[in-house]
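Data block below; observations after.
What follows is calculated from the coordinates using simple rules that are stated; it is not laboratory data. Keep in mind the model is a prediction, meaning the values are calculated, not measured. When we count neighbours, we look across all protein chains shown, and the Cβ atoms used for this are built from the backbone with ideal geometry, even at glycine.
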Amino acid sequence: MKKVIVTGVTGQVGSYMVEYLLKNTDFQIFGAIRRLSVPNHKNIEHIKNDRFKIIEMDLSDAHSINHCIEEIKPDFFINFAANSYVGFSWKMPINHFEVNTLAVMHQLESIRKHCPNCKYYNAGSSEEFGDVAYTPQDSNHPLRPRSPYGASKASARQIVKVWRDSYNLFAIQGWLFNHESERRGLEFVTRKITNKVAKIKKAIESGDSFEPLELGNMESKRDWSHAEDFVHGIWLMLNQESPKEYVLASGETHSVKEFVDIAFTEALGGSLVWRGAEKDTQLLYNDTVVVRVNPKFYRPAEVDLLLGDPSEAENGLEWKKSVDFSQLVSRMVRNDIEETNAT
Ligand code: F7E
């Protein structure tokens with residue numbers, strides 16, 4: 001039986017990958033997690049299967065990475081574990097490089113020594129494009145990161161390339177544009193919005209008071225997809241004959257403000273009015289402020305616009321997104337309304 005190690009399985013994309021592999025392969029899956037004093041297995045609690053086994057691996061510990069790879073000798077290694085919150089990366093830049101960059105080198109070194117035929121995927125990011133030179137961004141776009149996070153992923157890309165070229169490994173780092181879902185962490189803007197929308201809706205319906213949603217830069221534009229669509233694209237990338245890297249993106253770009261607008265409209269219906277601009281922007285519902293800006297959520301440097309070109313993946317991998325922007329917002333809002341009403 002073939003063996004796959006997936007890191008970051010308690011996160012959104014890792015948990016979807018485990019479900020995908022259980023459904024579409026007969027492989028043994030090893031889900032790597034980091035020991036925490038308060039573990040959070042919410043995203044994998046529902047997955048009970050003899051083919052899914054949890055192993056412990058800490059990406060900041062080269063010994064633990066090597067130990068797992070040497071013992072399991074996987075056929076595939078999919079690395080989703082990362083410090084992925086861009087806004088936080090200015091506060092802990094070195095840790096971002098340890099986890100997002102150096103760990104990749106440790107993984108590749110262990111694979112080279114113990115299982116050189118293993119196919120390796122590291123999650124790349126549109127944040128590597130950063131201060132974009134042209135739109136839409138494709139796989140030829142230069143790396144121009146704007147955050148320690150983006151720099152850590154761009155550096156990891158160079159490591160993957162060097163190990164691929166030097167040792168003839170099947171090692172790739174596909175570019176993932178923003179990918180969201182009902183399992184997205186609350187610190188990311190999409191889930192922060194949908195979660196608060198649900199709470200505000202509940203408060204309004206119960207006649208309770210509430211604090212408005214506070215956001216940073218609502219003008220920035222992102223290319224948002226559903227994380228489940230990307231899991232399929234990544235598996236197609238890993239099953240190519242030779243290691244080629246692709247951009248996975250929806251091919252649509254929308255501002256944070258548009259996301260807010262659709263989310264509140266979905267939950268509350270009409271009677272919504274925008275007022276002001278930039279740092280004075282507010283959204284009102286029946287004359288009550290439901291969204292306002294708090295400058296503390298602005299970043300030291302912003303990526304203003306991201307729009308990916310999915311055509312290479314559509315042609316080369318026959319990959320296609322199945323969820324569009326408004327469906328994504330709507331699914332996330334409905335899920336958060338259900339979860340909020342259940343508590
Ligand atoms: O921010 C703006 C913020 O934190 C999106 C990660 O998965 O995708 C993600 O990175 C935009 C930015 O995601 C708030 O300034 C405004 O312009 O949801 P985000 P991200 O930075 O795009 C890439 C592809 C990755 O690889 C990353 O790992 O929204 N924004 N107000 C805000 N963002 C947050 N988080 N919170 C706010 O209040």
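Note that segment 166-172 has calculated 3J(HN,Hα) couplings of 6, 10, 6, 7, 7, 10, 9 Hz, one per residue in order, obtained from phi through the Karplus relation 6.51 cos²θ - 1.76 cosθ + 1.60 (θ = phi - 60°); glycine and proline are x. Size descriptors for segment 21-67: radius of gyration and Dmax over Cα atoms are 12.3, 33 Å.
Among the trypsin sites (Lys or Arg not before Pro) within segment 6-111, those in coil by DSSP and having at most 12 neighbouring Cβ atoms inside 10 Å are Arg35, Lys42, Lys48, Lys91. Note on segment 106-160: along the principal axes its Cα atoms extend 41, 21, 13 Å, ordered by decreasing extent. Exposure proxy ranking for Arg112, Arg299, Arg222, Arg184, based on other Cβ atoms within 10 angstrom of each Cβ and starting from the fewest, stands as Arg299, Arg112, Arg184, Arg222. Size descriptor for segment 78-124, Kirkwood hydrodynamic radius: 11.6 Å (Cα pairs only, one decimal).
Considering all C-alpha pairs of segment 4-91, those separated by over 22 Å amount to 26%.
The Cβ shell under 10 Å around Asn66 holds other residues with a net charge of -3, Lys and Arg each +1, Asp and Glu each -1. Across segment 153-162, rounded Karplus estimates of 3J(HN,Hα) from the backbone phi angles (6.51 cos²θ - 1.76 cosθ + 1.60, θ = phi - 60°) give 6, 5, 5, 4, 4, 5, 5, 4, 5, 5 Hz, Gly and Pro being marked x. Taking amide H atoms as placed 1.01 Å from N in the peptide plane, the amide H of Val290 lies under 5 Å from those of Leu283, Leu284, Tyr285, each 5 or more residues away in sequence or on another chain. With Cβ to Cβ distances under 10 Å as the rule, what net charge do the other residues near Tyr16 carry (K, R +1; D, E -1)? Spelling it out: positives minus negatives among the neighbours equals -2.
The reciprocal of the average 1/r between distinct C-alpha atoms defines the Kirkwood hydrodynamic radius, which for segment 95-189 equals 14.3 Å.
Taking amide H as placed 1.01 Å from N in the peptide plane, Ile33 has its amide H under 5 Å from the amide H of Ile55, Glu56, Met57, each at least 5 places away in sequence or on another chain.
Computed per residue of the chain from DSSP H runs no shorter than four, each worth -39500 (n - 2.57), the mean residue ellipticity at 222 nm is -12000 deg cm²/dmol. P(r) for segment 136-248, from all Cα pairs and a bin width of 5 Å, is 2, 9, 14, 17, 17, 13, 9, 7, 5, 4, 2, 1, 0 %, short bins first.
One quarter of the surface of the convex hull around the alpha-carbon atoms of the chain equals 17.4 nm², the direction-averaged projected area. Within straight-line reach of Lys113, meaning a Cα separation under 21 Å, sit the following lysines at least 8 residues removed in sequence or on another chain: Lys2, Lys3, Lys73, Lys161.
Summary value for the chain: 17 percent relative contact order, contacts being C-alpha pairs under 8 angstrom separated by 6+ residues. With bins 5 Å wide beginning at 0, the percent of Cα pairs of segment 1-153 falling in each bin runs 2, 9, 18, 19, 19, 16, 10, 6, 1, 0. For the set Lys23/Lys48; Lys201/Lys296; Lys53/Lys153, the pairs lying more than 22 angstrom apart at their alpha carbons are Lys201/Lys296; Lys53/Lys153. Across segment 1-47, the mean sequence separation of Cα contacts (distance under 8 Å, 6 or more residues apart), normalised by length, yields a relative contact order of 47 percent. Shape class of segment 266-343 from the alpha-carbon gyration tensor: oblate, with a/c at 1.5 or above and b/c at least as large as a/b. So which residue, out of Glu318, Glu127, Glu252, gets the largest mean-square fluctuation from a GNM of the chain using Cα contacts under 10 Å as springs? Per the Cα network of the chain with a 10 Å cutoff, Glu318 tops the list. When the Gaussian network model of the chain links Cα atoms closer than 10 Å, the mean-square fluctuations of Arg157, Arg275, Arg144 top out at Arg275.
Taking amide H as placed 1.01 Å from N in the peptide plane, the amide H of Leu305 sits under 5 Å from that of Val132, Lys221, each at least 5 places away or on another chain. Against the chain, whose longest principal axis comes from its Cα atoms, helix 256-268 is set at around 60 degrees.
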